[in-house]
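Structure first, then comments.
Here, each number is a calculation from the coordinates, and none is a lab measurement. As the structure is a prediction and not an experimental result, all values here were calculated from the model. FYI the Cβ positions are ideal-geometry reconstructions off the backbone, even for glycines, and counts take in every protein chain you see.
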């Protein structure tokens, strides 16, 4: 299974007020729709699944909010799985766990540098913890 492409359609990042206390950040990926998609390659057209997503970032307390919308082109290993996955989505609005994991991981890898940059420019805490080095006294 593979994500062959990501298309970001909309980015919204709003700073409501400056942080004054400890801040928690909640990342929420959501798949809004699955539909049959087509990708043109040098060897011809490939049918797969177009995954429409929204990725929201909420800060608590309410100091900022962000939203990224787009679509992912997903190609299962077996071509027959395209119809199965879409049938389950149409009847139950349930997403195949492998598709969800691969799509969310690809989306996160794609958008995290943008979220980090925007957070820095808006002087907000980063949406993910950044590794820090601490100096301690030997024996502590």
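Within the range 33-43, the set of residues being in contact with a helix residue (DSSP H, G or I) (Cβ under 9 Å, 6 or more places away or on another chain) and exposed (fewer than 14 other Cβ atoms within 10 Å of the Cβ) comprises 33, 35, 36.
A single member of 57, 46 is surrounded by 12 or more Cβ atoms within 10 Å (Cβ to Cβ) and under 16 Å from residue 72 (Cβ atoms), and it is 46.
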